[in-house]
Amino acid sequence: MTFRFAAALPDPLFRDPYSWVITDQEGGLLGAAAAEDGQWRFPRDNLSAGPGEKFIAALTVYEDRRFFSHNGIDLPAIARAARDNLRRGQIVSGASTLPMQVIRLFRKNPRRTVGEKIKEMILAQYLTLREDKPGILELFADHAPFGGNVVGLEAAAWRYLGRSPEDLTWGEAALLAALPNSPGLIHPGRNREELRQKRDRLLNRLAAHGRLSPQELTLALGEPVPSEPLPLPQRAPHLLERFRSGNLGAGKSPGSPESGGIIRTTLRGDLQDQVNAAALRYGRGLLNQNIGNLGILVMETLTGRVLAYVGNIPEKAGPESYVDMVTAPRSTGSLLKPFLWTAMINAGELLPRQLVLDIPTRMGTYRPENAARFYQGAVPAEEALVQSLNVPAARMLRDFGVDRFYGFLKDLGMSTLTRPASDYGISLILGGAEGTLENLTALYAGLARLVLTAGGEGEPGPLAPRYLGETAPGGPPAALRTGGGGASGKGGESFLPGAAYLCLRALERVARPPDEQGWQDFLSSRPVSWKTGTSQGSRDGWTIGTTPGWTLGVWVGNADGAGNPAIQGSRTAAPLFFQVMALLQDREVFPQPPGMVSLEVCRKSGFLAGPDCPETETILYPGVSHPGIRCPYHRLVRLNPEETRQTHAGQGAVRPWFVLPPAAEWYYSRWNLDYRPLPPFEGEADPGSPPMEVAFPENGAEIYIPIEVDGRAGAAVFEVYHREAGRRLFWHLDENYLGSTREIHQMSLRPGRGDHLLTIIDDQGNVVRRSFSVLSG
């Protein structure tokens, strides 16, 4: 019969659903959700210290004084109970030991009968053989009722006292030890005086057993009895929901994924509280500007461990507050520009201070514009990155190739590119793609980590954000696995740490918000490689930055996608970014990776120095790249003595001259007053390089001219730049004369469908031609 009963004890003994519970890396409670049956039933963290000595002492004195000496049943207690019950003529004592109570909890509290008591005694002995004493105490502490819908010591300690069982005082331990005896009658919400009397009697018994000193007893008796259950901490509610819904892997204990679990996360409790407080303060100001949501993610750069996670404005009411902005796909704005810059450096197709054109540009029907709505003609590549200029970025992507950059981003681990590259086109670099705060922050950490591990120090770890204490399976994406001097991406390309290093150093120069101006003047300050982004229509404001220690991402906007002129990465996200960054202590700088080499470049153009460059300088560059573009803007010219006219061979002195293309020159000269345009030839046209340039259309372009709303054929504005002000240009389309322009050389044309030839002749006889095709008209 014993074996038949024993076989009825499953392993594990309890299969009740558990609450979902997340803790910080030290075991501090971050948040919890009720179990599927509506009970607050916390599973045990395998790393926790158990019920605690004070609770065990109080429980055994109150429920089972000989617990550590009997084998599941207490014969003297049974004899005493039988005597008392006979004297009273009713059951006043059951002599139930803690193992017997565990069995009763397992069997869901059947009706009390003599037969049931015998079964409990038999099964309790078997349980004692199977489990050691600490294990039985843990089973009771985890599954005993503590009043209302609170089950287990862990949940009771947090619900009634707001702390872990490990931190209980003697008064609190005695109070909780008395609750399971009559949870339906007494709980902290009512009958407080009766509960106090039970607690105080137990405290006096503990003192009589020598467990409390007189001073400890006095202090414990003076502790107040809690009034009502406390709300559980909600320090990372959106992260809790991700675990609860199964969107993140978890180290669960015990129970299946469907029945809840406890997860010890990588979050740092103190930092999480500080970031929550900063988000709450800043969020109140955003709400006053009709900006309703934000997200913050703090990662450890080298390991990818997430240290703080804020999915939305804390304590915000309304349905939008439930949206997790860490994982919500949003327009990336300008955040991908550093990766294009790095990719081109990595391929040897760009030098850091190489001039890139910043002029009005059309690419089919797409015309990118700078946020400031002006052009500088030509700017150094790193300055274009620092200023986040859209036109140079679009032209660079066209040169590098959309398909190629798309593959590069996928190799880096960008997981939100769900459409073909052709769907994004040039807009890929200007916010046409969607990204999540989580994924984009990880990408920036990946750039930094590539530099940090280039010297062979540190083990390569997962680049995807880590939320669990255990190392996640797998490794970093192929494009960022270091090995040999670089990381191997698809197609055998090598991603060099030096390219990432140059990018990060350039991003240190991004202008900070007003409150951060002059940061270099303070000894306590440190450089941060950071970038802002603003989506079309001012719907998303981003700031993401990285240091050797930390990588931080901030998003600000409206979850419903509503635009607001106040939403700008530099104005709304950046101030919060630096408030949080101030909480992170890191004065380190990125080390120069091995393998960098010196290159001699033209001081004026930033290209490899050519034979005609009068001034050069030396820069660092990744050693395996092979930049082959020499300065195209310096050339030797023959000039008359006054240097006002070019002369023909054999006449005048020869000197180098810095010459930009006419369109770039037109804008560049307005920003750089020391620029000297190339003097014209004496008396006739330039035989080698016409002083004018067609800005639109580009040679061989296919353009689309839409039909107007009223059904008439639309028009396209064709544009030409001339190096010399005041020249008159004569326009021809397919050999038909159209008219002339002076100073501003623009003409609105309506060419029909098919191939065309545009010819421009200036009043000096210089000629330029453009072939183009109209796809509709």
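For segment 308-325, a residue qualifies if it is surrounded by 24 or more Cβ atoms within 10 Å (Cβ to Cβ) and closer than 15 Å to Leu267 by Cβ, and the qualifying residues are Ala308, Tyr309, Val310, Gly311. On inspection, Val601 passes the criterion of being under 30 Å from Phe400 (Cβ atoms), touching a Lys or Arg at 6+ places or on another chain (Cβ under 8 Å) and aliphatic (A, V, I, L, M).
The residue of segment 114-127 that is most open to solvent (accessible area, probe 1.4 Å), among those that are modelled with pLDDT of 80 or more and of a type in the set (A, V, I, L, M, F, W, C), is Ile118. Per the listing Gly541, Gly606, the residue uniquely on the phi < 0 side of the Ramachandran plot and modelled with pLDDT of 95 or more is Gly541. Checking each residue in segment 692-716 for being surrounded by fewer than 12 Cβ atoms within 10 Å (Cβ to Cβ) and farther than 13 Å from Ser776 by Cβ picks out Asn699, Gly700, Val709, Asp710, Gly711, Arg712. Of all residues in segment 361-370, which are in contact with a helix residue (DSSP H, G or I) (Cβ under 9 Å, 6 or more places away or on another chain), open to solvent by 10 Å² or more (accessible area, probe 1.4 Å) and touching a residue at least 24 places away in the same chain (Cβ under 8 Å)? Those that are in contact with a helix residue (DSSP H, G or I) (Cβ under 9 Å, 6 or more places away or on another chain), open to solvent by 10 Å² or more (accessible area, probe 1.4 Å) and touching a residue at least 24 places away in the same chain (Cβ under 8 Å): Met363, Gly364, Tyr366.
Looking at segment 145-240, the helices (runs of 4 or more DSSP H) lying wholly inside it that each contain 1 or more residues that are over 30 Å from Gly261 (Cα atoms) sit at 192-208, 214-221.
Selection of first residues in segment 269-280 that are assigned to a helix (DSSP H, G or I) and of second residues that are of a type in the set (D, E, K, R), restricted to Cβ pairs under 8 Å at least 6 apart or on distinct chains, gives the following pairs, ordered by first then second residue: Gly269/Asp24; Gly269/Glu26; Gly269/Arg235; Gln272/Asp24; Gln272/Arg235; Asp273/Arg235; Asn276/Arg235; Leu280/Glu315.
Considering Ala378, Ala433, the condition of being among the aliphatic types (A, V, I, L, M), within 24 Å of the chain's Cα centre (by Cα) and farther than 18 Å from Leu507 by Cβ is satisfied by Ala433 alone.
Screening Trp341 on (1) assigned to a helix (DSSP H, G or I); (2) open to solvent by less than 10 Å² (accessible area, probe 1.4 Å); (3) more than 30 Å from Ala384 (Cα to Cα) shows it passes everything except condition (3). The C-beta contact set for segment 203-229 (first residue of a type in the set (A, V, I, L, M), second residue loosely packed, with under 15 Cβ neighbours inside 10 Å and part of a loop (DSSP other than H, G, I, E, B), distance under 9 angstrom, 6+ apart or interchain) comprises Ala207/Ser213. Here is the figure for segment 640-656: residues that are of a type in the set (A, V, I, L, M) and either open to solvent by less than 50 Å² (accessible area, probe 1.4 Å) or assigned to a strand (DSSP E or B) (or both) total 2. The single condition from (1) out of contact with any strand residue (DSSP E or B) (no Cβ under 6 Å at 6 or more places or on another chain); (2) at pLDDT below 90 that Trp671 fails is (2).
Per this entry, Gly413 is not counted among residues that are at positive phi, touching a residue at least 40 places away in the same chain (Cβ under 8 Å) and open to solvent by less than 10 Å² (accessible area, probe 1.4 Å).
Just one of the listed residues (Arg111, Arg163) is surrounded by fewer than 21 Cβ atoms within 10 Å (Cβ to Cβ) and over 21 Å from Ala32 (Cβ atoms), namely Arg111. All conditions but one from (1) exposed (fewer than 14 other Cβ atoms within 10 Å of the Cβ); (2) over 50 Å from the mean Cα position of the chain (by Cα); (3) of a type in the set (Gly, Ala, Ser) apply to Ser740; the one that does not is (1).
The values are calculated or read from the model by the stated rules, or taken from the named source; none is laboratory data. What you see is a predicted model, and the numbers here were worked out from it, not measured in a lab. Note that each Cβ is placed from the backbone with ideal geometry, even for glycine, and that neighbours are counted across all protein chains shown. Only protein heavy atoms, including side chains, enter the accessible area calculation; ligands, DNA and RNA are left aside. Shrake-Rupley method; radii C 1.70, N 1.55, O 1.52, S 1.80 Å.
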